[in-house]
Structure formats: structure tokens, C-alpha cells
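K.L.:
Shown below is the structure under consideration.
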Amino acid sequence: MLTSVWPGHQDWNLIQSFDSGRQKVTAFLLESMEHRHSAELLEPEACQEDSTAAFRGTNPGWLPAVEWTIIALLALAFVAHSFVPAWRTLRSEFPNYYLAAELYRHNISLDRVYEWTWFQRQNDHWGVRDGLVSFAPNPPTLILVSVPLTGLPPLIAKRVWLIFSLVLMAVVLGIMRRVTALNWRRLLLISLSCTLPLNVDFLFARHYVLILFLICAGYYAASLGHHGTSGAIWSAAAGMKLFPALVVILFLRKRNWRALMGFLMGLAMFLFVSVTMFGAEVHLVFLREVLSQASRGDWLGPYALSQNSFATLWSRLLLFEPALNPFPLVNFPLLYASVLAITVTVLLCAFLWFVGDDRRPGANPLHWAAFVPLMLLLCTTTAPDYWCLLIFSAVVGIDALLARGNTSKALVLWILYVAACFPVPDRISNWFPSRLLATVALFAWLLHSGQPSLKRLPAARWLAVGLISVGVLTLYNLRTVRNREEDFSRRVPTPGNAYRFAYPVPVAGGMAYTEMQPSGYGVGVVTDGAVHTISLLGDTLSLTSSPTGATFYSELTGRQSFLVQLPVGQLGSTPEVLTEGQDPALSSNGKWLAFIREEQGRRTAWLLKLGSHDAPQMILPSPYQPLDLAVTDEGDVFAAAGNVSDPHLLRFVRNTEEVASLPKFPQPVRYPAISPDAQRLAFSRRDRGSWHLYVRELATGSERQLTHSWCNALSPSWMDTKTLLYASDCGRGVGLTAISRVVLGR
């Protein structure tokens, strides 16, 4: 079962190698917490001293030694199982961010950075790493963090990032030392007890320690009364990872207008810098295609409970998918939409009630401590290292409860925090959402332990607000699951457990397609009931063939992209290299091959007559910026071209060499495919962030929409004049397509 295809998760076994001694940590921690001071600290000056100094009579002399021993064990496990492996190898997610920044350094447009195959092609050309890469669904602003590392070799850049993350952790502890009464020993103990999240963040060289630092810095600024600065700091976190933008809920509830203004101004500045550096086009693609689908909750591992989100939990229980979730508890999309809406409403209303009518803009510790788990619980998809942020909640929450003399409540909070961050074997986490449930309990305990204001909305108003919220969110969620099963009956069986099946094309006796495997991209061929998997020396990122052809043509990518041909009946033979190029398209009679060449982000379209000695002819120069091609039996070419955020269709007529726009095709349009009789044109059109499949009668101009769900139907090809193959990600991770087939009427 597909649990995650994020490059770097293939190394998950490294995380599970923690020694058994770590499992004894909880018992030591609970014993040490019992000896924490039990009276309220009244003087701020005393808070800056050792937090147990006033209660030395209640603490045995051996307690510090025990705590230091636990710290040493946790630190040793962290170094041995996370930092050292991360230091030695590039296998992680770091190349994803580094590659995007490196492309910017070389003045290559980033407008296609969210396309799986294009980004993989750039990785192969630049030789950043072996294996898969992907930048989705990160916002373009995240690239800003990696730009200073460009120019360094990838592994050296990763090591610099690891050192930087360690420095940030030290700064986080320093900030927490200034705003709490906890001493250094206790701060180290709490932080290192965040076992799995910290290890994952360093092992995969991600950004959540940086996000933790920004949250702590924002809290520190708020505690000093610098609310505008606090909001601006939070805007930096939201610019890199979208979910911190939920802090607006807290600012609005407390009517902290200075913080809200600082947040908006900081975010505007962050976006201005990003657009200035990377261009507006990549931001438009993110806004129109990526952000619009962010709430689907199925970016990666849509049914994996280890994703720790309510969206994946309810999907696993209530939504059917033929390959990834064939046995849900019950297949009930309406119930899914309602339960998810109720979940979000209950979480939000509980937090808003907890904050109450406390309009003081100051940094109330328990308000902030409860807000961080709320952020995590509202995310549609997460990863274990998101839980690094709970270090803030644990430190601030435990300190606030101890300051009130609530030692038992602090102890329970500690237990829930350790449970939320403790490594759980895959065989358990894939079937039982232990981290999600522990986080819910931690959030609820913080709400219970606080003292909400006595001035609250009347119960009737809360009920009305909740019902309206549930209704609106249910209607919105229904949009995400509407018609989701129309594609399932069209699925074509594709043996194997690849992450992604794409570019389906007909071949004599069957079909061929590309497969995204953990080691890279290959070709799958199904002919006469036999299945063949072809792995060539490089990534096979796209391919084409004709319905009756005995040869298919594919793009083979390494340091360069070449078009190669391979006989279907001789799959074990060495492919023949034709020319440099990518994204090929073959006419149904097998006579014409159209393809694209790209240099420094500038794309051109070419046409080659097969079986002749003629050199390829450029048909669309770089000002047209072609994206996808289809070629007729006469050598005429249909092309999707222009800006990636808003492409349109062109037609090149070979006899006259004229290029004409096709204004009758509403934009944006991609992936044209001409039928064998040249009477119909299939293509994908984007509507509200999703690509839907259409077929147009060229003679009459009438159109038929073939897909309607909130997902993507891409790369159509004709098996015959009535049958279309296409790739669809309905019910799967965004862009992680399966092969479907639809038969058209007359």
C-alpha cells in the first residue's frame, strides 16, 4: 500500500532503528516531574533562576544526575540515528529544495517546478541526486531559504543546513529560557524528548526546526509587547509553510490588530521578495493549481494513518479507492464530508471558547500553547516532523501549569507530549493513529487546564455558529468528493506497486505507460496479457506510440534528454537513440514525430519525419513556449503553448508552415491528442484548480466533458477513434496518477 511517495520516505527504516533503551525514557521523565516545584512562582526574578531552587528540600540530590543521564541517552540516540546518517548521505528531501534554488541561480524559469516529470528532468540534467525529487506542494517562497546555499556541492550544502538547524535549536532553548522558569536541564530534557519529530526533521533535512524557531521568536516578541513584530515573524513561518497562517484566528479572536497588521505587512513583503526573485508565473501556478487543491487532504498517502491528519483518518474509514483503500469501514462520501466538517468546527469552537473574551493582546502562555496543536490538527496532511512544534507547547504549557501550582496537570501534559512524539513502529502507525489521538488529547488537556474567561457567548449563539460552520464546511467538502468514483470504473489494471502511472499510449496488442518507482522512472508494457517492466539507463519520463505500431518512442533522461525507439516485441534489446529531445508525440500512422527541446528554460517544438534522412525541423521557436504536442498523419501539429499558468492551443500547418492560434478553445488548455481519423481533439482544461478531460469535434466545434470530479485527468491518447486512455489522480495523491480508459459514443 502506498503510504508516502515523498522523496526521502524510502529511508523510513532509518527512523525505526532507535535502540530499545529509549523506550524507558518515559518512566524516568515521569519520576523527575513528580519532584518539580508545586507552589506558584510569584516573582519574575525567581523565574530566571534554577526553577527548583526554592524547593530543594523536596528534590532528592540524585534527581539532576538522573535527568542528565536521560539527556545524554536521548542526545546519543539523536546523534547516532539521525544527525550522523543525515551528515553522511544526500538521501533526504533536501535535494528538493536545493534543486529549486539551484535552478534559480542558473536563471532557469521555475514556472514548471510543480510538474513531477519536469522537475525530475532538471534533477537528472544537473545531477543533484540519484532517485526521485519533487517540490510540490511547497510554496515558491520556501525556495528563499535555500538560495544562500546554492553554489555549494549538494552534500556540503546539506551539512551547512544541518549545522544551521542545530544552531536554531540552541537559540530556541535560549528564547524559552528567557520566557519561562524552566532551567537549562529541563529545557534540554523536554526538547530531546521530542524523539521522532526531531529525528525525522534532521534525517530528511527539512524546515520544521526553523518554523519552531519562528514560533518561539514570535511568542517572545509578544511577551515583550512587540505585537507588530510578532505578527511579522509569524508571516515568515506562513510564507514557508502555509499552515502557520492559521495564527490569524488567534489574532482576530484577541482583537490584536497590531499583530494582524504586522502579519499582513510581513507576508506582503515576503511575497514581494519572492515574486521579484522567482517571477510571477510560478506563483500564479501555485495559486491556481496547487493551493486550490491543498484542502483535498491527499497530497501524499491519502489513506495512510501515519499522515496524522483527520482528513486521512476519515478518508481511510469512509472513502473507497480501488487500489489504495479497497476496504474502508464504509464507503460514504456524504458522511466523510459531514464528519470532517464537524471535526474542524469542534476544534475551532473549542479553542475560541478557551480564549474566551480575553481581549488582552499579551502573550497568554496557555493560549499560545494550545494554539500550536490546533494548527497541527487542522492541517489536511502532515508528516511526523511537524510535531517538532509541540516542543513549544510542552515548554510553555508545563511552565505555565507549574507556575500555577498544577503539578499533576503538568505531569499529564508531559505524558501526552511524550506520547505524541514517541516513535511508533510502522506496523502500528499505519493502522492506528496514535500520534493524532495523543495530539487531540494534549490539545483537550490544555483547554481543560486553562481558565477560560467567564464572559462567553450564550450557548445558543455557540450552537448557531457551530451549525452554520458545519453546514458551510460540509458543502465545501462535498465538492472535493463529488463524482470522485466516476473514474474508478474506468481504471485499467496496472500490475506492480509504482507510485505513479502516467503517459499511457496504445501499442500493438496492448498499452505502455511510465512508472514512478522508488529508484526512478521506467516503462511498463502490457501486451496480450503479459506484463513487462523496462528499466533503461536513465529516467524514462514520457513516451508515445501509435495504436497499431510495433515500436514506441520514449524520452530517456540523464545529463541530457534523448528520444529513443524500442520495438515492442524486443523489449530486452538496446534502444536506438534518435535525437535530443523530450515529450514526444507520434502520428497515428507512425510517420511523424513531434517533440520539444528545452535549453535554459526556453522551449522549442520540432518535427521529424521518421524513415527519412531529413534533420528535425523547428516548427515553434521559443517565443511560443510550447508545452505539449499532438501530430496528425499529415504532419500538422497541435500545441499547448504560452504561460504555464494559462496555456492556449496553437496549430502548425506543415505545408504552409503557418502557425495559428485556436481562440475557440477556452483557456487554459493542455495535453492535446488528435484522434486517428483527425476528426476529434482530446485535451485537458483547468477549471477551479483541476484539469478535466474534454473531447471536441473539429468539424462542428461541439465539446463533451468526460471528467467532472475535483481531481486531474491528464495526458490523453487514442487507442482508436472511440477509445481514450488517460492518467487520473482521482482518489489518489495529487499528481500520482493511475491509468483509465473511456469509450466514447458517436
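K.L.:
Quick one: count up the residues across segment 641-653 that are out of contact with any Ser or Thr (no Cβ under 9 Å at 6 or more places or on another chain), buried (at least 17 other Cβ atoms within 10 Å of the Cβ) and within 17 Å of LEU698 (Cβ to Cβ).
P.N.:
1
K.L.:
Is it the case that segment 517-533 has a residue that's part of a loop (DSSP other than H, G, I, E, B), in contact with a Leu (Cβ under 6 Å, 6 or more places away or on another chain) and in contact (Cβ under 8 Å) with a residue 24 or more places away in the chain?
P.N.:
no
K.L.:
Here's a follow-up. Taking the conditions exactly as written (over 25 Å from PRO504 (Cβ atoms) and either in the same structural domain as SER292 (by TED's automatic domain parsing) or over 27 Å from the mean Cα position of the chain (by Cα) (or both)), does GLU634 satisfy them or not?
P.N.:
So GLU634 does not fit the description; no.
Listed here are the residues, each with its yes/no results for (1) within 19 Å of LEU586 (Cβ to Cβ); (2) in contact with a Cys (Cβ under 8 Å, 6 or more places away or on another chain); (3) among the hydroxyl-bearing types (Ser, Thr, Tyr); (4) buried (at least 24 other Cβ atoms within 10 Å of the Cβ).
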| site | (1), (2), (3), (4) |
| --- | --- |
| GLN705 | no, no, no, no |
| HIS708 | no, no, no, no |
| LEU714 | yes, no, no, no |
| LEU724 | yes, no, no, yes |
| GLY735 | no, no, no, yes |
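K.L.:
From the list PHE135, PHE164, PHE202, PHE119, which one is part of a helix (DSSP H, G or I) and either touching a Gly at 6+ places or on another chain (Cβ under 6 Å) or under 30 Å from ALA502 (Cβ atoms) (or both)?
P.N.:
Exactly one of PHE135, PHE164, PHE202, PHE119 is part of a helix (DSSP H, G or I) and either touching a Gly at 6+ places or on another chain (Cβ under 6 Å) or under 30 Å from ALA502 (Cβ atoms) (or both), namely PHE119.
K.L.:
Next question. Being of a type in the set (A, V, I, L, M, F, W, C), buried (at least 18 other Cβ atoms within 10 Å of the Cβ) and under 16 Å from the mean Cα position of the chain (by Cα) is true for just one of LEU300, LEU291, LEU287. Which residue is that?
P.N.:
Just one listed residue meets the conditions, LEU300.
K.L.:
Out of all the residues in segment 218-232, is one or more closer than 23 Å to PHE164 by Cβ and in a loop (DSSP other than H, G, I, E, B)?
P.N.:
No, segment 218-232 contains no residue that is closer than 23 Å to PHE164 by Cβ and in a loop (DSSP other than H, G, I, E, B).
To keep it simple, each residue is scored yes or no on (1) in contact with a Leu (Cβ under 8 Å, 6 or more places away or on another chain); (2) surrounded by 23 or more Cβ atoms within 10 Å (Cβ to Cβ); (3) not β-branched (Val, Ile, Thr).
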site	(1), (2), (3)
SER535	no, no, yes
SER545	yes, yes, yes
THR551	yes, no, no
THR557	yes, yes, no
SER561	yes, yes, yes
GLN565	yes, no, yes
VAL568	no, no, no
ARG597	no, no, yes
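K.L.:
Considering only helices (runs of 4 or more DSSP H) fully contained in segment 384-497, which possess at least 2 residues that are under 30 Å from LEU329 (Cα atoms), small (Gly, Ala, Ser) and touching a helix residue (DSSP H, G or I) at 6+ places or on another chain (Cβ under 8 Å)?
P.N.:
Once the helices (runs of 4 or more DSSP H) in segment 384-497 are filtered for at least 2 residues that are under 30 Å from LEU329 (Cα atoms), small (Gly, Ala, Ser) and touching a helix residue (DSSP H, G or I) at 6+ places or on another chain (Cβ under 8 Å), what remains is 407-421, 434-449, 459-481.
K.L.:
Moving to a separate point now. Is it true that some residue in segment 450-463 is touching a Lys or Arg at 6+ places or on another chain (Cβ under 9 Å) and surrounded by 21 or more Cβ atoms within 10 Å (Cβ to Cβ)?
P.N.:
no
K.L.:
Determine if segment 542-563 includes at least one residue that is at pLDDT below 90, within 18 Å of PRO716 (Cα to Cα), in contact with a strand residue (DSSP E or B) (Cβ under 7 Å, 6 or more places away or on another chain) and outside any loop (DSSP other than H, G, I, E, B).
P.N.:
Yes, there is a match, as at least one residue in segment 542-563 is at pLDDT below 90, within 18 Å of PRO716 (Cα to Cα), in contact with a strand residue (DSSP E or B) (Cβ under 7 Å, 6 or more places away or on another chain) and outside any loop (DSSP other than H, G, I, E, B).
K.L.:
Mind counting the residues in segment 423-437 that are closer than 11 Å to PRO384 by Cα and either in contact with a strand residue (DSSP E or B) (Cβ under 8 Å, 6 or more places away or on another chain) or basic (Lys, Arg) (or both)?
P.N.:
Qualifying residue count, segment 423-437: 1.
K.L.:
Being assigned to a helix (DSSP H, G or I), modelled with pLDDT of 95 or more, more than 26 Å from the chain's Cα centre (by Cα) and hydrophobic (A, V, I, L, M, F, W, C) is true for just one of ILE211, ILE175, ILE156, ILE143. Which residue is that?
P.N.:
Unique residue meeting the criteria: ILE175.
K.L.:
If a residue has to be of a type in the set (Val, Ile, Thr) and without any contact (Cβ under 8 Å) to a residue 40 or more places away in the chain to count, how many in segment 211-244 make the cut?
P.N.:
2
K.L.:
Check off (1) in a strand (DSSP E or B); (2) surrounded by fewer than 16 Cβ atoms within 10 Å (Cβ to Cβ) for TRP606 and give me the number that stays unchecked.
P.N.:
(2)
K.L.:
Against the condition touching a residue at least 12 places away in the same chain (Cβ under 8 Å), outside any helix (DSSP H, G or I) and either under 24 Å from VAL396 (Cβ atoms) or not aliphatic (A, V, I, L, M) (or both), how does GLY262 come out, does it pass?
P.N.:
no
K.L.:
Checking ARG490 against (1) touching a residue at least 24 places away in the same chain (Cβ under 8 Å); (2) surrounded by fewer than 18 Cβ atoms within 10 Å (Cβ to Cβ), which single condition isn't satisfied?
P.N.:
With respect to (1) touching a residue at least 24 places away in the same chain (Cβ under 8 Å); (2) surrounded by fewer than 18 Cβ atoms within 10 Å (Cβ to Cβ), ARG490 is out only on (2).
K.L.:
Here is a follow-up. Between VAL507, VAL526, which is modelled with pLDDT under 90, buried (at least 22 other Cβ atoms within 10 Å of the Cβ) and not assigned by TED's automatic domain parsing to the domain that holds GLY301?
P.N.:
Just a single option satisfies the conditions, and that option is VAL507.
K.L.:
Next question. Does segment 639-668 hold any residues that are part of a strand (DSSP E or B) and more than 18 Å from ARG597 (Cβ to Cβ), and which are they?
P.N.:
Residues satisfying the conditions are HIS648, LEU649, ARG651, VAL653, GLU658, ALA660, SER661.
The values are calculated or read from the model by the stated rules, or taken from the named source; none is laboratory data. Owing to the predicted nature of the structure, the values given are computational and were not obtained by experimental measurement. All Cβ positions, glycine included, derive from the backbone under ideal geometry; neighbour counts span all protein chains shown.
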